[in-house]
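Working notes, structure below.
Coordinate-derived values only; no laboratory data. Please read these numbers as outputs of a predicted model, since none were measured by experiment. So basically every Cβ, Gly included, is an ideal-geometry build from the backbone, and we count neighbours across all protein chains shown.
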Amino acid sequence: METSRLLKIALVVYTAFTVGFFIYLPVAVIIVYSFNDVPFFIPEWRGFTLEWFVKAFTRRDVVTSLWNSLYIAVFTTAVSLALAIPPTFYVVRGRGRVKDLYMLYLMLPFVIPWIIIGVSLYIFYWYLGIEKSLLTAALGHIVYSIPLIVTLLAPRLYSLDPDIERASMDLGATPWQTFRYVVFPQVFPAIVSAAIITFIWSFDNFVISYYTLGGELTWPVWVFSVIGKQRNIFPVVMAVSTVIILVSTVVIAYIVKKGYVDIL
Amino acid sequence: MAKSADVILKVDRVSKRFGETWALRDVSLDVYRGELLVLLGPSGSGKSTLLRIIAGLETATSGRLYMEGVDITDLPPYKRDTSMVFQHLALFPHMTVYENVAYGLKIRGVPKEEIDRRVDEVLSLVRIRELRDRKVTKLSGGQQQRVAIARSLILRPKILLLDEPLGALDLKLRKELHIELKRLHEEVGNTWIFVTHDQEEALTLADRIGVMNEGRLIQVGEKWDVYDYPKTRFVAEFIGETNMFTVSIDDVSGGVATGSWKGFRVSFKDGGFRPGETIYLSVRPENLHISKEPPAGEEYNVFHGVVDVEVFRGSYVIYHIRLDNGEIIRVTVLSKDAEFDPGDRVYVYWRFDKGVPLRE
Ligand SMILES: Nc1ncnc2c1ncn2[C@@H]1O[C@H](COP(=O)(O)OP(=O)(O)OP(=O)(O)O)[C@@H](O)[C@H]1O
Ligand SMILES: [Mg+2]
């Protein structure tokens, strides 16, 4: 009994340590050193400055790449939700062979590696003579986001008691009113979670974007294009990273506090 | 009580198939205005399916439904004047008690003041007015139960359908709610169809009982009739306790049939039987008597045996008697008359006309 207790504690501590050491520590280093008064990265404190923030957000290429990332992430999230929600209902509520095949068809892109999605779209666009742009990159993201959203929403839909919808119609609501007042409010938190996760991965994505972007770069692709090539770029990247971390923490905290999602 | 033969709902030869299973087979039923009809049957007998078809939540494979003479077979649920209390209640989990109960009126666009008034009224009726602003997920089982009933009752449906609404509650609470539901039915005065697999619940609540098995409606009638004159062995054994004897008839004369059951002679009322026929005779434990002396009189069937087990049930006692032919039968006796002990040699007897002969 005592050993199992110790084992549990050990496992919990071990996980906490791993997460802390490999994620929080490097991130904390970045945040702290983005205020360090050195034009490159050294593990040594030389004094506080906001210079890198000013520099970063006055560089056109940085700001543009951030806007591009934001644009793609918003577009991907909105379009993918609109495309993925109706079929999720069908996949959860439907029956039979056609449904099973449909589900397989929708879910398959989920297991295709990003690099393959990226490269095949690259060839596809080239073959059809489609000029690559932010939009073509967003399409690449959407391909992958649809199965992601289905995966995130389906468990919530499965857990809904279909009798609750029957009760609503029994009480006089039409199918549409039932969706509006009974189904949607129950699924809403899961939709918000799915939207957040989709937004984050799309904002972050490098591999698909790299092969499907035109001349305009997103933030991750821009970082790739400059790192190791431009001198003294580290402080700028670190400053932007700090801002991204702070902004997303605040936004997520707000959403959770408002009770829009059911984590925490 | 059932008020005359004013039929509010007519179920006409309804069948329902799910793939290979027939959930309902050729069910016909008249429901009377103002009655509390209980549909009783074991799990899987088709009770919920019948209720859902009446509510319009399921479509019949064949057959028709008429409400006050109008064919409603093809109406969607939201256009029917019925309301259902679901087996697992199906309250809206994201809403408060008030929002749940107000839902149907809100959908109908009833003005807010009237909704408020009627919600208060119906919550008082089911005695949970003080819970008005609670989330329904924060209520006890019995309280949720009342919300579900209130949510339906507020619409003043012509027929209230209740699908084992007390299934999830403990025995004591169920018994309390039985009494309350009876009162509520009297107060509201509309027609109720109540589904259960619990025969005691059926006997407590019902005006009339319909017994279902394997998708068929086997017998419908006043509860006393169904109890006293079951039409089949299944009904006799499903409602109440009974002793069942398989009797081969060898003589029918003067309105009395006589035959033998494992060495004992048994007589009962003739139901158009012929010698050579085998029937089942159902005798309720409370219609059996025990004594140490043989009974005087010709109108009794008499067995002889030894008291095997005595089961004390408070106000009454069940004796298990091992008869001379080795079979066990059960006899109930009021506790004040329970003067026998295991090992006592006794006569067990009943009047001819208390045995119910059944062909199926
Ligand atoms: N949606 C469905 N799909 C397939 N079969 C079904 C469906 N609903 C009911 N059945 C079958 O129909 C039969 C009757 O089911 P029903 O739910 O009406 O029984 P019930 O009498 O209400 O039982 P219980 O007391 O367990 O609630 C069962 O054999 C059941 O498996
Ligand atoms: Mg049922």
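Some points to look at:
- Qualifying chymotrypsin sites (Phe, Trp or Tyr not before Pro) in region A:179-233, where qualification requires a DSSP coil assignment and no more than 16 other C-beta atoms within 10 Å, comprise A:Phe206.
- GluC sites (Glu not before Pro) within region B:279-325, DSSP loop, no more than 13 other Cβ atoms inside 10 Å: B:Glu298, B:Glu299
- For the residues B:Pro285, B:Pro165, B:Pro294, a GNM of chain B with alpha-carbon springs under 10 Å puts the largest fluctuation on B:Pro294.
- Taken along its principal axes, the alpha carbon cloud of region B:243-358 reaches lengths of 42, 25, 24 Å, longest axis first.
- One Cα centroid belongs to region B:294-360, the other to region B:240-290; the line between them spans 16 Å.
- Net charge dipole size for the protein assembly as shown [Lys, Arg +1 and Asp, Glu -1 on Cβ; Debye, nearest 20]: 2260
- The orientation-averaged shadow of the Cα convex hull for region A:133-264, equal to a quarter of the hull surface, comes to 10.6 nm².
- Geometric extent, Cα atoms of region B:7-238 - Rg, Dmax (angstrom): 17.5, 55
- Put the Cα centre of region A:56-108 next to the Cα centre of region B:88-118 and the gap is 36 Å.
- The GluC sites (Glu not before Pro) of region A:1-85 meeting both criteria, a DSSP state outside H, G, I, E and B (loop) and at most 11 other C-beta atoms within 10 angstrom of the site's C-beta, are A:Glu44.
- With the convex hull of its Cα atoms as the shape, the protein assembly as shown has an orientation-averaged projected area of 44.8 nm².
- Legend: distances between Cα atoms for B:Lys79/B:Lys112; B:Lys175/B:Lys223; A:Lys8/A:Lys257; pairs beyond 20 Å are B:Lys79/B:Lys112; A:Lys8/A:Lys257.
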